[in-house]
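The values are calculated or read from the model by the stated rules, or taken from the named source; none is laboratory data. Just so we're clear, the structure is a prediction, and the values are computed from it rather than from any experiment. Cβ: placed from backbone, ideal geometry, glycine included. Neighbour counts: every protein chain shown. Note: areas computed on protein heavy atoms with side chains; ligands, DNA, RNA excluded. Shrake-Rupley method; radii C 1.70, N 1.55, O 1.52, S 1.80 Å.
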Amino acid sequence: MRRMNACDVPALSAPGFGPARRSLPAKLNAGMLISLVQNMAHWRLFYHFVWSTKLRQPLITEAIEASLYNVIVAKAEEVGALVHAVGGIEDHVHLVASVPPAVSLSEFINRVKGSSSHFVNHALDVPFAWQAEYGVLSFGGKQLGFVVRYVKHQREHHRDGTILPALEVTYGRGESSR
């Protein structure tokens, strides 16, 4: 019987996460590192982000909502994330995403917020700003469906008073982490 070694193990993959890599290039730059981590078969990181408009003003109108969400998704994917859901109401946004471990969560959210704010201000020519703070929770794959449904039904949850306070925390305008 022949003994197996690492080269005999087939590359593993999962939907949305890409195939495993067996070797590293001699020199890695940041883009290559992000690409490499994205292609790793074993990362399963699920995050729920929440952030608000500046002073929780109702700035996310029907006129800009779809375009704003499209820009948020595009930037998140450009940074290397897999977006599972985006939703919200007039004064805040929820984003459910798998962010590769090579990208810090603060870098990720700052790039998403910065790009989307810039887009609304310049491409749509609408005065717009996000608050500096944001909330983020990690959760397991078994909860993914629940969190995605919660985010996709934000309007109903707020209208019907069925919000989950732990999934709404952004720590803005007088809120505290206590």
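Check Tyr47 against each of (1) more than 11 Å from the chain's Cα centre (by Cα); (2) of a type in the set (Ser, Thr, Tyr); (3) buried (at least 19 other Cβ atoms within 10 Å of the Cβ) and name the one condition it does not meet. Result: Tyr47 fails condition (1) only. Out of all the residues in the range 137-149, which are closer than 7 Å to Phe46 by Cβ and open to solvent by 70 Å² or more (accessible area, probe 1.4 Å)? If the condition is that a residue be closer than 7 Å to Phe46 by Cβ and open to solvent by 70 Å² or more (accessible area, probe 1.4 Å), then Ser138 is the only one that fits. Of the residues making up the range 142-163, just one is among the polar types (S, T, N, Q) and within 11 Å of His94 (Cα to Cα), namely Gln154.
Among the residues of the range 83-115, those that are surrounded by fewer than 18 Cβ atoms within 10 Å (Cβ to Cβ) and either in contact with a Ser or Thr (Cβ under 6 Å, 6 or more places away or on another chain) or in a helix (DSSP H, G or I) (or both) comprise Leu105, Ser106, Glu107, Asn110, Arg111, Gly114, Ser115. Has the range 137-150 got any residue that is part of a loop (DSSP other than H, G, I, E, B), without any contact (Cβ under 8 Å) to a residue 40 or more places away in the chain and more than 11 Å from the chain's Cα centre (by Cα)? Checked the range 137-150: no residue is part of a loop (DSSP other than H, G, I, E, B), without any contact (Cβ under 8 Å) to a residue 40 or more places away in the chain and more than 11 Å from the chain's Cα centre (by Cα).
Taking the residues in the range 153-172 that are assigned to a helix (DSSP H, G or I) and under 18 Å from the mean Cα position of the chain (by Cα) as candidates, determine which candidate is surrounded by the most Cβ atoms within 10 Å (Cβ to Cβ).
Step one: filter the range 153-172 for residues assigned to a helix (DSSP H, G or I), giving 154-160, 165-167.
Cutting the leftovers down to under 18 Å from the mean Cα position of the chain (by Cα) gives us 154, 166-167.
Working: Gln154: 20, Ala166: 9, Leu167: 18.
It comes out as Gln154.
Of all residues in the range 53-82, count the ones that are open to solvent by less than 30 Å² (accessible area, probe 1.4 Å) and closer than 14 Å to Arg155 by Cα. The qualifying residues number 1.
Considering only residues of the range 119-136 that are in a helix (DSSP H, G or I) and either in contact with a helix residue (DSSP H, G or I) (Cβ under 8 Å, 6 or more places away or on another chain) or among the hydrophobic types (A, V, I, L, M, F, W, C) (or both), which is most open to solvent (accessible area, probe 1.4 Å)? Steps first, answer last, please.
At the first step, the residues of the range 119-136 found to be in a helix (DSSP H, G or I) are 119-122.
Remaining after also requiring either in contact with a helix residue (DSSP H, G or I) (Cβ under 8 Å, 6 or more places away or on another chain) or among the hydrophobic types (A, V, I, L, M, F, W, C) (or both): 119-120.
Details: Phe119: 55, Val120: 0 Å².
Within the range 119-136, the match that is most open to solvent (accessible area, probe 1.4 Å) is Phe119.
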